[in-house]
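The block underneath contains the structure these notes are about, expressed in structure tokens.
The values are calculated or read from the model by the stated rules, or taken from the named source; none is laboratory data. In this text, all values refer to a predicted model and were calculated from it rather than measured experimentally. Cβ coordinates were reconstructed from backbone atoms using ideal geometry, including for glycine residues, and neighbour counts include every protein chain displayed. Accessible surface areas use protein heavy atoms only, side chains included; no ligands, DNA or RNA. Shrake-Rupley method; radii C 1.70, N 1.55, O 1.52, S 1.80 Å.
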Amino acid sequence: MTLNAATPAFVQALADSLPDDTLRAPETQYLEEPRGRFFGEGGVVALPRSVEEVAAVVKACAAARVGVVPYGGGTGLVGGQVATGAPAPLILSLQRMTAIRTVHALENVLVADAGVILVDVQSAATAVDRLFPLSLGSEGSARIGGNLSTNAGGVNVLRYGNTRDLCLGLEAVLPNGDIWHGLTRLRKDNTGYDLRNLMIGAEGTLGVITGAALKLFARPKFVATAMMVVTDPQAALRLLALARGIAGESVSAFELLHAHGMEFVSETLPDVRLPFPEAPEWSVLIEVGAATAAQEQLEALFEAALNEGLVHDGLIAQSARQRDEMWSLREHIPVANKAIGSVASHDISLPLEALPEFITEADAMIAAKGPFRINCFGHLGDGNLHYNIFPPKGGSRHDYDDLRHDLSAAVYELVHQYEGSFSAEHGVGRLKVGTLEKYADPARLAAMRAIKDALDPIGIMNPGAVLAR
């Protein structure tokens, strides 16, 4: 259906019904995404302070047929938070909804507003000697509502699961302005359709998440971290199996790193300490958190892997400082990537056994297309790779703008052949709408459209995201 713009008359009428300073003109931060691939528009930004105010805003937009773009921390990389090619929408920011509502330490549950920054959720859990395990590079600015809306992953998915797995209940405003009071703390609630999991990962197209009941966990008493140099991705995969055999479910992170990632960090962030004098072609960052003997488990792993010829060098952190330095390297790789400027970036997942063969075939395919540098890194333990293509040293991504679409199409086609996913943890947003149309199972796509039409018949919620109009 046709939507209307957020006109001055609409904005004035809405302002008259809300507390002072709820609406403001859109600033640049609301109109672009971090990679500079999308630049959007907005008629007004709403900054409600409560779920009731969110409901009032959405209800008014539904009556006036004005699009609503939910906005969390603005850290999304697929354009889900930036409206393009549409009448100027209302941008709904949750930045004022930042309360930790309740903490139930004995239940291992924390209830928070959707606008709470992820690192503040982590800190609130730490204050009661608990762990909220979602951890990602943008945790200092990403908001938990956005994490839920995109079903964010991060470095601890191997042990704790995606954000979907860390949520018990939700509060949300539906497209007609009704409030869904679903903030249950129950672990078992088998009473019909699971609206919680429908909202999680919907990227704001089915409603606005305003609050969440989140799972907490016991903090591991001992944490050990190591960097191990492996011969190739196949050896890394075998090392993962060996690690699980020795440490079981205590393996919380298993990150594959390529030499180009370390070289990019060295080139653009010289203050970041690297673990090895020369960047190895392939290495793995491993973390184990356990009630006992985490350090001993990593030592046993290294010895066993050395004997099997899987690793030929390594460093086990002997202090918190060394551990922080290892993770600092991993966390700064995306920062260095941005400074270099990728020609094409891909957030993909594949069956674990297919990863080594995919990497070999993809590298050869890209090499045949030009003198590119490939930084292939990511969460090997859960099959999620960030397969990013960069210009040769001294070149600019803009020199290859005409190849960007073809490169991505080739990568996604190869991913599809290996029965993988073109979006592992970043979502679909607006960037990958066409890719979803191409590769999604037709029955699934039809069901998604039916759900969208049923809950949002006017089509006001994040128009143009996830599903083509």
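Can you name every residue in the range 111-124 that is out of contact with any helix residue (DSSP H, G or I) (no Cβ under 9 Å at 6 or more places or on another chain) and assigned to a helix (DSSP H, G or I)?
VAL119, GLN122, SER123, ALA124
For the range 348-358, which positions are out of contact with any strand residue (DSSP E or B) (no Cβ under 6 Å at 6 or more places or on another chain) and surrounded by 13 or more Cβ atoms within 10 Å (Cβ to Cβ)?
Passing the criteria: LEU350, LEU352, ALA354, LEU355, PRO356, GLU357, PHE358.
Inspect all residues belonging to the range 271-291 and state whether any of them is within 19 Å of ARG373 (Cβ to Cβ) and without any contact (Cβ under 8 Å) to a residue 12 or more places away in the chain.
So far as the range 271-291 goes, yes, one or more of its residues are within 19 Å of ARG373 (Cβ to Cβ) and without any contact (Cβ under 8 Å) to a residue 12 or more places away in the chain.
Please note which strands (runs of 3 or more DSSP E) are completely contained in the range 140-238 and include at least 2 residues that are crowded, with 23+ Cβ neighbours inside 10 Å.
Values: elements: 167-173, 179-182, 208-215, 222-230.
Filter on the range 140-238 gives 167-173, 208-215, 222-230.
Residues of the range 418-428 being on the phi > 0 side of the Ramachandran plot and either open to solvent by 30 Å² or more (accessible area, probe 1.4 Å) or at pLDDT 95 or above (or both), which ones?
Of the range 418-428, the ones on the phi > 0 side of the Ramachandran plot are 419, 427.
Hit for the range 418-428 is GLU419, nothing else.
Give the range 16-62 a look and list any residue that's hydroxyl-bearing (Ser, Thr, Tyr), part of a helix (DSSP H, G or I) and either open to solvent by 30 Å² or more (accessible area, probe 1.4 Å) or in contact with a helix residue (DSSP H, G or I) (Cβ under 6 Å, 6 or more places away or on another chain) (or both), or say none. Spell out the reasoning first.
Taking the range 16-62 and keeping what is hydroxyl-bearing (Ser, Thr, Tyr), we get 17, 22, 28, 30, 50.
Right, trim to part of a helix (DSSP H, G or I) and you get 28, 30.
Within the range 16-62, THR28 is the sole residue that qualifies.
Hey, can you tell me all the residues within the range 417-458 that are more than 23 Å from the chain's Cα centre (by Cα) and under 25 Å from ASN147 (Cβ atoms)?
Correct list: ALA447, ILE451, LEU455, ASP456.
Identify, please: which residue in the range 109-132 is in contact with a strand residue (DSSP E or B) (Cβ under 6 Å, 6 or more places away or on another chain) and of a type outside the set (A, V, I, L, M, F, W, C) and is, among those, surrounded by the most Cβ atoms within 10 Å (Cβ to Cβ)?
GLY115
Just checking, which of GLY381, GLY370 is of a type outside the set (D, E, K, R), buried (at least 20 other Cβ atoms within 10 Å of the Cβ) and out of contact with any Asp or Glu (no Cβ under 7 Å at 6 or more places or on another chain)? Can you show your working first?
On the way: GLY370 fails: buried (at least 20 other Cβ atoms within 10 Å of the Cβ).
That would be GLY381, the only listed residue that is of a type outside the set (D, E, K, R), buried (at least 20 other Cβ atoms within 10 Å of the Cβ) and out of contact with any Asp or Glu (no Cβ under 7 Å at 6 or more places or on another chain).
Looking only at residues that are over 11 Å from GLY341 (Cα atoms) and among the aliphatic types (A, V, I, L, M) in the range 384-410, which one is most open to solvent (accessible area, probe 1.4 Å)?
LEU403
Can you tell me which of ARG244, ARG238, ARG187 is without any contact (Cβ under 8 Å) to a residue 40 or more places away in the chain and within 22 Å of LEU301 (Cβ to Cβ)? Write out each step before concluding.
Values: ARG238 fails: without any contact (Cβ under 8 Å) to a residue 40 or more places away in the chain; ARG187 fails: within 22 Å of LEU301 (Cβ to Cβ).
That would be ARG244, the only listed residue that is without any contact (Cβ under 8 Å) to a residue 40 or more places away in the chain and within 22 Å of LEU301 (Cβ to Cβ).
Taking GLY80 and the conditions (1) touching a helix residue (DSSP H, G or I) at 6+ places or on another chain (Cβ under 6 Å); (2) of a type outside the set (A, V, I, L, M); (3) buried (at least 24 other Cβ atoms within 10 Å of the Cβ); (4) under 21 Å from HIS379 (Cβ atoms), which numbered condition does it fall short on, given that it satisfies the others?
(1)
Can we say ARG96 is open to solvent by 40 Å² or more (accessible area, probe 1.4 Å), assigned to a loop (DSSP other than H, G, I, E, B) and over 24 Å from PRO220 (Cβ atoms)?
yes
Is there any pair linking a residue in the range 83-107 that is closer than 21 Å to LEU118 by Cβ to one that is in a helix (DSSP H, G or I) and open to solvent by less than 30 Å² (accessible area, probe 1.4 Å), with Cβ under 6 Å and at least six apart or on different chains, and which?
Cβ pairs passing all conditions: ILE91/TYR30; LEU94/GLY145; ILE100/ALA124.
Do we have PHE264 as within 27 Å of the chain's Cα centre (by Cα), of a type in the set (Phe, Trp, Tyr) and either at negative phi or outside any loop (DSSP other than H, G, I, E, B) (or both) here?
Working: within 27 Å of the chain's Cα centre (by Cα): yes; of a type in the set (Phe, Trp, Tyr): yes; either at negative phi or outside any loop (DSSP other than H, G, I, E, B) (or both): yes.
Judged against the criteria, PHE264 is a match.
Residues to consider are LEU23, LEU31, LEU18; find the one that is of a type outside the set (Gly, Ala, Ser) and at pLDDT below 95. Break it down into steps so the answer makes sense when it comes.
Working: LEU23 fails: at pLDDT below 95; LEU18 fails: at pLDDT below 95.
Going through LEU23, LEU31, LEU18 in turn, the sole match is LEU31.
For the range 329-342, give me each residue that is over 9 Å from VAL265 (Cβ atoms), open to solvent by 20 Å² or more (accessible area, probe 1.4 Å) and within 18 Å of the chain's Cα centre (by Cα).
GLU331, PRO334, LYS338
Return the pairs, sorted by first residue and then second, in which the second residue is open to solvent by 10 Å² or more (accessible area, probe 1.4 Å) and not in a loop (DSSP other than H, G, I, E, B), the first residue lies in the range 208-234 and is without any contact (Cβ under 8 Å) to a residue 60 or more places away in the chain, the beta carbons are less than 7 Å apart, and the residues are 6+ apart or on different chains.
Correct list of pairs: empty, since none qualify.
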